[in-house]
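All remarks here apply to the structure that follows.
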Amino acid sequence: MKVLGIAGYSGAGKSTLLEKLIPLFRADGVSVSLIKHAHHGFDVDQPGKDSYRHRQAGAGEVLVASDVRWALMHENAEPVAPPLRELLGRLSPCDLVLVEGWKRDPIPKIEVHRAENGKPWLYPEDENILAVASDVSPPDSNKIWLALDDIEGIRAFIKEKIGV
C-alpha cells in the first residue's frame with residue numbers, strides 16, 4: 001500500500017480536497033482507502049440502536065454488518081488514539097491510503113493551506129511535506145506549490161510522486 005498524508009489546520013480544505021481526489025483515483029482504477037483522525041470524541045453509532053446499547057453495556061468491540069457495509073467499533077481502554085501504523089495494519093489491501101490528520105507523523109504528505117485561516121505553514125518544520133496545495137504560493141520559492149483548485153494537477157503530482 002502507498003500512503004499519503006493530507007495535512008493542514010482545520011478549515012484549510014483537507015476534506016474537500018479528498019472528496020474531489022478520491023473519485024478521480026477510482027476512475028483511474030486505483031483502489032483507495034482513507035484514515036481520518038478525529039480530535040474529539042465521535043460516534044458512528046446511534047443511541048437506541050442495539051449496537052449502541054451493547055457498547056454502552058460494556059462490549060469492547062461491536063461489529064455491525066449488512067449486505068452493503070460493515071463497521072467495527074472498538075472502545076479504547078485508555079483515552080489515547082492508536083498509532084497510525086497500527087491503524088494502517090487493520091486496513092484491507094488497497095493501492096493508496098489517504099490519511100487526513102496525523103500531521104506530525106513521518107509519512108509523505110501534501111500540506112493543505114488556506115491564507116484566510118491565518119495559520120502558520122507546516123512545511124518549514126516537516127521534511128515529509130512533498131508539496132503545498134494552497135490558495136497562495138508558499139513563502140519558500142523552493143517548495144513545490146500546487147494551486148488548491150487545480151485538482152487534476154494535484155492528482156498528477158500524487159500519481160508521479162507516490163507511484164499509483
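The table below lists the values:
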| read-out | value |
| --- | --- |
| Under DSSP loop assignment and at most 15 Cβ neighbours within 10 Å, longest GluC sites (Glu not before Pro)-free interval of the chain | 1-74 |
| Longest DSSP-loop-exposure-free segment, trypsin sites (Lys or Arg not before Pro), the chain, at most 10 other Cβ within 10 Å | 91-164 |
| Highest-MSF residue in the chain out of S92, S134, S33 [GNM, Cα springs under 10 Å] | S92 |
| Residue among G101, G58, G89 with the largest mean-square fluctuation in a Gaussian network model of the chain, springs linking Cα atoms under 10 Å | G58 |
| Cα-based Rg of the chain normalised by 2.2 N^0.38 Å, two decimals | 1.16 |
| Counting DSSP beta bridges with both ends in the chain, the antiparallel % (nearest 5) | 20 |
| Cross-link partners of K2 among lysines (Cα-Cα below 21 Å; sequence separation of 8 or more within a chain) | K14, K20, K36, K103, K109, K159, K161 |
| Centroid-to-centroid separation of the stretch 39-94 and the stretch 116-164 [C-alpha atoms, Å] | 32 |
| Estimated 222 nm signal from helices in the chain, with DSSP H stretches of n ≥ 4 weighted -39500 (n - 2.57), rounded to 500 | -6500 deg cm²/dmol |
| Ratio of the Cα radius of gyration of the stretch 40-79 to 2.2 N^0.38 Å, where N counts its residues | 1.17 |
| Max mean-square fluctuation residue, GNM over the chain, Cα-Cα springs under 10 Å, options W102, W121, W70 | W70 |
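Where a number appears in this text, it was derived from the coordinates with a stated rule and is not lab data. Bear in mind the structure is a predicted one, so any value in this text is a computation, not a measurement. No Cβ is skipped: glycine too gets one built from the backbone with ideal geometry, and neighbour counts run over all protein chains shown.
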